[in-house]
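Each reported figure results from applying straightforward, stated rules to the coordinates on display, with no laboratory input. Since the model is a prediction, treat every value here as computed from it, not as a measurement.
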């Protein structure tokens, strides 16, 4: 059984950062390399970075459980009439079970009065791109963002228009 719960405690943030490290090393190292994975984990997915995003930048995290096992998370940032799906990750052994879809459906339900959901996805991250398209997201543009230390994020910007 898949359950989605809002992260509420400091221990939840620690668990999210720990899972991020596992997922990023496994999934993104072949795409962007170990050095960029380490840099991005520290900058965006560490306990410190997630805590700061929650406490100071309006981010909200949801945790996904598969038969009671914490296996994924989604980090969002509502702003204006849109919701940024900033982070959507599922541990490899739990992929293909509809967990990411359920997380996105939860956000859609919780933010039904917003106009759109949007996200960035690495242009070479083919599996998630296909999944987002299947869920109704459309690519609206590309973006290359300098994230410091000589690294860039080479992404598609995808949007889902909410039905009102």
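Could you list the square roots of 5 times each eigenvalue of the Cα gyration tensor of the stretch 95-151, that is, the equivalent ellipsoid semi-axes, sorted largest first and rounded to whole Å?
Values: eigenvalues 110, 49, 26 Å².
With the √(5λ) rule applied to the stretch 95-151, the semi-axes are 23, 16, 11 Å.
Distance between the C-alpha centers of the stretch 104-164 and the stretch 7-44? Whole Å please.
Their Cα centres are 19 Å away from one another.
So what is the relative contact order for the stretch 55-145, in percent, with contacts set as C-alpha pairs under 8 Å and at least six apart?
Values: 98 pairs, mean separation 18.8, N = 91.
Relative contact order of the stretch 55-145: 21 percent.
Pairs of Cα atoms under 8 Å, at least six residues apart: use those to get the relative contact order of the stretch 45-92, whole percent. Before the final figure, lay out the partial values.
Working: 60 pairs, mean separation 12.3, N = 48.
That works out to 26 percent.
Suppose only helical runs count, i.e. DSSP H with n ≥ 4. What mean residue ellipticity at 222 nm does that imply for the chain under -39500 (n - 2.57) per run, divided by all residues and rounded to the nearest 500 deg cm²/dmol? Mind showing how you got there, number by number?
On the way: 6 runs with 61 residues, N = 164.
Mean residue ellipticity, 222 nm, calculated: -11000 deg cm²/dmol.
Over the Cα atoms of the stretch 1-109, how large are the radius of gyration and the largest Cα-Cα distance (Dmax), in Å?
13.4, 37
Under a 10 Å cutoff between Cα atoms, tell me which one of 100, 17, 130 has the largest fluctuation in the Gaussian network model of the chain.
Highest fluctuation among the options: 130.
Whole number please: convex hull volume per residue of the Cα set in the stretch 51-153, in Å³?
Working: hull volume 14.3 nm³, N = 103.
Value for the stretch 51-153: 139 Å³ per residue.
Using alpha-carbon pairs under 8 Å, 6+ residues apart, how would you state the relative contact order of the chain in percent?
Details: 252 pairs, mean separation 31.1, N = 164.
Relative contact order, the chain: 19 percent.
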